[in-house]
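The values are calculated or read from the model by the stated rules, or taken from the named source; none is laboratory data. Only a predicted model underlies this, so the values are computations on that prediction, with no experimental measurement involved. Neighbour counts are summed over all protein chains in view; Cβ atoms, including those assigned to glycine, are modelled from backbone coordinates with ideal geometry. Only protein heavy atoms, including side chains, enter the accessible area calculation; ligands, DNA and RNA are left aside. Shrake-Rupley method; radii C 1.70, N 1.55, O 1.52, S 1.80 Å.
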Amino acid sequence: MLLSITTTHAPATDLGYLLHKHPDKCQEFELSFGKAAVFYPEASLERCTAALLLDIDPVGLVRGKRGGYALEQYVNDRPYVASSFLSVAIAKVFGTALSGNCKNRQQLAETAIALTAKLAVLPCRGGEAFLRRLFEPLGYTVTAQHHQLDANFPDWGESNYFTVELENTVRLQDLLSHLYVLIPVLDDDKHYYINDDEVEKLLRHGEGWLSSHPEQEAIAKRYLKRQGRLVRTALAQLVEEDNPDPDSAEESHALEEAAVEKPISLNQQRLETVLAILKETGAKRVLDLGCGEGRLVRTLLKENTFTEIVGVDVSYRSLEIAQERLHLDRLPAMQRDRVKLIQGSLTYRDKRLSGYDAATVIEVIEHLDPPRLASFERVLFEFARPNFVVMTTPNVEYNVKFENLPAGKLRHKDHRFEWTRKEFQMWANRVAEQFGYSVRFLPVGTEDPDVGAPTQMAAFSLD
Ligand code: SAH
């Protein structure tokens, strides 16, 4: 099993510092399942390649295991292909580089440089398309050569094995983290028992990229060997991690709100409930008003029933983040054309908003100044006039239940108000009647017998 990493970032031999392995030496390492060797097939100032060769001992692997003789234990592809053994070897042999540290070239370790990783044999369950869906959103140029099952018997068709080259300008730490997580995902197998530690490993090595990866669900499922509880834990934490860059005030306030609500992963429950209601309506063309950083847009994009998804927000910065997180520029044209992000305010009449099946207004109304609510009502229910509207807002009664929220404080500094259930229902009932809609109310999150659920939802439909 061979992995090679090449850089052309001059002086290329600095790769030796980054990997903590001298280019002039061949070094060997003992691992529990065999041996690893690191050597440099080429090392010039213009171009330097480090190779990690794994020599897995298939007999040693089954020695001491019970269960009698099974041919498969002895005759399998494990010694030859990139698998979770390679991830373990990366962590053991390149551990310092994987954690982003470098004694002699720390600045270089923090710099994105031209890197190419080559995997001699990579099993890709899900084929080349899945391989591309994993690496291309991370900015890689992928070259994959598919291998036949047997060159003498072309009728047998293609195998699951590929020779793969991945080219990108990234930090070495990122490249190693991507390989560490995604190789076992492609192989869809792991040689060891999976427990809660694996969730922590996935989140640690996925930090900074997994929470915005369009295939995060598939990645978590396969990485955690489809163990439902672990997968759910990982996904819930990823949603929480995928919060905004704490540069601007609005963003750090959103973080605070997420922190207040975090113990119950309310965000995820909100998204799921909104999605369920939208599907129930049969809506195909959907507006997400006040889409923020595009969480819901991303969820809807994964569902083919929605043919057109338009995110609207007044904040240009939020739309920029949404655009980045959705990786629109890297999606196939068919997918990309389903999504539009537009800047606009919900308190001004806007022709671009009319003619849609449904509109969602998720955690937005409480950001509007009360004197502007009347304009918002007309913009949405009179002019845009979708057949369905799904709206959510915090239930202020529930705030006493958040341990980390001081009494009397709202969940977000930017909230102009937070309503009790009665206040929200009175407002929504009045609006429904005035504009000819019917409305029903649903709780989101676990309901408390005294104070209700943390989020309240109103689902309007045109009479
Ligand atoms: N719906 C998103 C974001 C909620 S935060 C989610 O659930 O994650 C509220 C969003 O409403 C912010 O992105 C803010 O920029 C937007 N917003 C506030 N006032 C607005 C207005 N008048 N017009 C359009 N968007 C507005």
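Points to keep in mind about this one:
- Of the residues Tyr223, Val364, Pro154, the one whose Cα sits farthest towards the positive end of the charge dipole of the chain is Pro154 (charges of +1 on Lys and Arg Cβ, -1 on Asp and Glu Cβ, taken about the Cα centre).
- Under a model in which nothing but the beta-carbon of Lys, Arg (+1) and Asp, Glu (-1) is charged, region 246-462 shows a dipole of about 680 debye around its Cα centre.
- Legend: calculated FRET efficiency, Asp196 to Thr446, from the Cβ-Cβ distance at R0 = 30 Å, rounded to 0.05, equals 0.85.
- Note on Glu28 and Phe383: their simple-model spin labels are 7.6 nm apart, each label 7 Å out from Cα toward Cβ.
- Over region 2-193, accessible surface divided per residue gives 49 Å², non-protein components excluded, 1.4 Å probe.
- Rounded if a/c under 1.5, otherwise prolate or oblate - region 163-204, Cα gyration tensor axes: oblate
- Between Met426, Tyr40, Tyr140, the Cα set farthest toward the positive side of the dipole of the chain (charges on each charged residue's Cβ, about the Cα centre) is that of Met426.
- For the pair Lys284 and Asp155, a Förster radius of 56 Å applied to the C-beta separation gives a FRET efficiency near 0.80, rounded to the nearest 0.05.
- Scoring 122-129, 286-293, 349-356, 379-386 by mean Cβ neighbours within 10 Å over their residues and listing the highest first yields 286-293, 379-386, 122-129, 349-356.
- Taking the DSSP beta bridges with both ends in the chain, the antiparallel portion is around 75 percent.
- Accessible surface of the chain [probe 1.4 Å, protein heavy atoms]: carbon and sulfur percent: 50
- Fraction of beta bridges assigned by DSSP in region 246-462 that are antiparallel (%, nearest 5): 45
- Per-residue extension of 0.36 nm, minus the Cα-Cα distance of Tyr316 and Ala37, leaves a gain of 95.4 nm for this segment.
- Rg/Rg_ref, region 246-462, where Rg_ref = 2.2 N^0.38 Å and atoms are Cα: 0.98
- Rounded to the nearest 20 debye, dipole of the chain from Cβ charges on Lys, Arg, Asp, Glu: 360
- Extending 7 Å from Cα along the Cβ direction at Ala333 and again at Arg372 yields two label points whose distance is 3.8 nm.
- A crude spin-label estimate for the pair Glu403 and Arg105, with each label 7 Å from Cα along the Cβ direction, gives 4.7 nm.
- Taking amide H as placed 1.01 Å from N in the peptide plane, the amide H of Leu368 sits under 5 Å from that of Arg416, each at least 5 places away or on another chain.
- When the pairs Lys92/Lys225; Lys118/Lys225; Lys35/Lys225; Lys225/Lys302; Lys103/Lys302; Lys284/Lys409 are compared against a 32 Å limit on Cα-Cα distance, Lys103/Lys302; Lys284/Lys409 fall above it.
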